[in-house]
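There's a structure below that I have some questions on.
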Amino acid sequence: MYRARPDVHAIVHTHPPAASALAAAAVPLVVAHMDATPLFDDTAFLAEWPGLPTADREGEIIAGALGDRHALLLAHHGLLTAGRSVAEAAFLAVFMERAARLQLDAAKVGGAKPVDPTEARRARDFLRTERIVNLTFAAWARRAARRRGHRR
């Protein structure tokens with residue numbers, strides 16, 4: 001991944017519940033809420049995943065599927081986000097899991113309807129600024145520190 005994308009300096013790969021449910025159903029993520037717009041037009045879907053990532057071949061498959069995007073849902077596996085920083089990769093992973101949860105909840109009441117592309121792009125371009133990403137990540141870090149009994 002890092003060889004294919006010199007702009008990427010951090011990757012998050014995880015199997016959180018909602019994204020894993022979409023992955024298990026082989027259903028792509030839908031940007032259907034303003035909170036999901038950081039992922040608008042920047043999320044790929046890998047419908048054919050070979051299994052455990054145990055060799056270079058899987059890395060090549062992932063890098064190819066991600067292309068120039070920053071988020072990837074791997075069918076039958078989980079999610080991967082790629083950022084210019086740890087903060088950006090984590091920001092995208094959290095928002096991807098939240099978007100997946102919203103999509104699953106929306107399925108119970110008629111399904112997820114995509115956000116208007118013009119509005120989604122405008123929101124994405126604002127929310128994905130380095131300033132917003134870093135402020136959000138810093139707030140999450142402060143919250144985590146408080147939960148562990150640390151003060152900042």
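Would you mind telling me which numbered condition in (1) in contact (Cβ under 8 Å) with a residue 40 or more places away in the chain; (2) charged (D, E, K, R); (3) open to solvent by 30 Å² or more (accessible area, probe 1.4 Å) residue 88 fails?
If we test residue 88 against (1) in contact (Cβ under 8 Å) with a residue 40 or more places away in the chain; (2) charged (D, E, K, R); (3) open to solvent by 30 Å² or more (accessible area, probe 1.4 Å), just (3) comes out false.
Which one of the conditions (1) modelled with pLDDT of 95 or more; (2) out of contact with any Phe, Trp or Tyr (no Cβ under 8 Å at 6 or more places or on another chain) does residue 62 fail to meet, given that it meets all the rest?
All conditions pass for residue 62, except number (1).
Here's something else I'd like to know. Are there any pairs, at least 6 apart or on different chains, whose C-beta atoms fall under 7 Å, with the first in segment 107-128 and under 17 Å from residue 95 (Cα atoms) and the second part of a loop (DSSP other than H, G, I, E, B) and open to solvent by 60 Å² or more (accessible area, probe 1.4 Å), and if so, which?
The qualifying pairs are 115/33; 121/41.
Let me ask something else about it. Can residue 112 be described as modelled with pLDDT of 95 or more, small (Gly, Ala, Ser) and not in a loop (DSSP other than H, G, I, E, B)?
On the way: modelled with pLDDT of 95 or more: yes; small (Gly, Ala, Ser): yes; not in a loop (DSSP other than H, G, I, E, B): no.
No, not satisfied.
Right, here's the next one. If I ask for residues that are within 13 Å of residue 83 (Cα to Cα), over 11 Å from the mean Cα position of the chain (by Cα) and β-branched (Val, Ile, Thr), which ones from segment 4-47 would you list?
Hit for segment 4-47 is 8, nothing else.
What do you reckon, is residue 56 at pLDDT 95 or above and open to solvent by 80 Å² or more (accessible area, probe 1.4 Å)?
Working: at pLDDT 95 or above: no; open to solvent by 80 Å² or more (accessible area, probe 1.4 Å): yes.
Judged against the criteria, residue 56 is not a match.
Moving to a separate point now. Of the residues 110, 64, which single one is open to solvent by 40 Å² or more (accessible area, probe 1.4 Å) and at positive phi?
Values: 64 fails: at positive phi.
Result of the check over 110, 64: 110.
Could I ask something else about it? Residues to consider are 76, 70; find the one that is at positive phi, in contact with a Gly (Cβ under 9 Å, 6 or more places away or on another chain) and either surrounded by fewer than 15 Cβ atoms within 10 Å (Cβ to Cβ) or not aliphatic (A, V, I, L, M) (or both). Show your work before the answer.
Numbers: 70 fails: at positive phi.
That would be 76, the only listed residue that is at positive phi, in contact with a Gly (Cβ under 9 Å, 6 or more places away or on another chain) and either surrounded by fewer than 15 Cβ atoms within 10 Å (Cβ to Cβ) or not aliphatic (A, V, I, L, M) (or both).
Return a yes/no flag: does segment 5-13 have any residue that is closer than 15 Å to residue 71 by Cβ, open to solvent by less than 40 Å² (accessible area, probe 1.4 Å) and at pLDDT below 95.
Looking through segment 5-13, at least one residue is closer than 15 Å to residue 71 by Cβ, open to solvent by less than 40 Å² (accessible area, probe 1.4 Å) and at pLDDT below 95.
So if I check each of 81, 136, 118, which one is among the polar types (S, T, N, Q), open to solvent by 70 Å² or more (accessible area, probe 1.4 Å) and under 22 Å from residue 32 (Cβ atoms)? Working first, answer last.
Values: 81 fails: open to solvent by 70 Å² or more (accessible area, probe 1.4 Å); 136 fails: open to solvent by 70 Å² or more (accessible area, probe 1.4 Å).
The conditions single out 118.
If I filter segment 145-152 for residues that are small (Gly, Ala, Ser) and in contact (Cβ under 8 Å) with a residue 12 or more places away in the chain, do I get at least one hit?
Taking segment 145-152 as the starting set, the residues that turn out to be small (Gly, Ala, Ser) are 145, 149.
If we keep only those that are in contact (Cβ under 8 Å) with a residue 12 or more places away in the chain as well, we get none.
So far as segment 145-152 goes, no, none of its residues is small (Gly, Ala, Ser) and in contact (Cβ under 8 Å) with a residue 12 or more places away in the chain.
The values are calculated or read from the model by the stated rules, or taken from the named source; none is laboratory data. Predicted, not measured: the structure shown is a model, and the values here were computed from it. Every residue, glycine as well, gets a Cβ built from its backbone with ideal geometry; the counts of neighbours run over all protein chains shown. Keep in mind that these areas ignore ligands, DNA and RNA; they rest on the heavy atoms of the full protein, side chains included. Shrake-Rupley method; radii C 1.70, N 1.55, O 1.52, S 1.80 Å.
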